[in-house]
Amino acid sequence: MKKLMFAKNLKYLRQKYNMEQLDLSQQLGRKSSSSISEWEKGKYTPKANILSDISEIFHVSLSDLMTTDLSLSTNYAISSNHIIKQDSIKVMESLDYQITKPYEKQFNEWNKDKQRQIASPS
């Protein structure tokens, strides 16, 4: 099962990145694309170091490359990035509040003094 999932993912990722089999084989230091073709057909699975290189080229975890149908998880990745971004914004807003809240009263008083100075110059 893992061999077939890897084969499907490899082909999917290569096409997603508009990459020919020959392009990928060259990035992996291979002389021809025949290995890539055999991997995509599920005949063979490359050795661990090649699998690691493939996961780096396509920016996916080795675990996902081997076990997750990446063609189905694209929407999830986008939505999870959105969720992460939203969570980051909430954290930043919370930090901003924690940092500025203690000084808010002082700032408001300083600001009122400045406005008074502008309104009635000496």
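The values are calculated or read from the model by the stated rules, or taken from the named source; none is laboratory data. What you are looking at is a predicted structure, and each value in this text was computed from that prediction instead of being measured. Cβ placement follows ideal geometry from the backbone for every residue including glycine, while neighbour counts extend to all protein chains displayed. Remember, those area values only see protein heavy atoms, side chains included, never the ligands or the DNA or RNA. Shrake-Rupley method; radii C 1.70, N 1.55, O 1.52, S 1.80 Å.
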_Segment residue 4-residue 110, extension gain: residue separation times 0.36 nm, minus the distance between their alpha carbons_ = 31.4 nm
*Wrap a convex hull around the Cα atoms of the range 1-66, take a quarter of its surface area, and give that in square nanometres.*
3.7
*Order of exposure, largest accessible area first, which applies to 113, 69 with probe 1.4 Å*: 113, 69
*Show me 7-18, 26-37 ranked by packing, highest mean number of other Cβ atoms within 10 Å first.*
7-18, 26-37
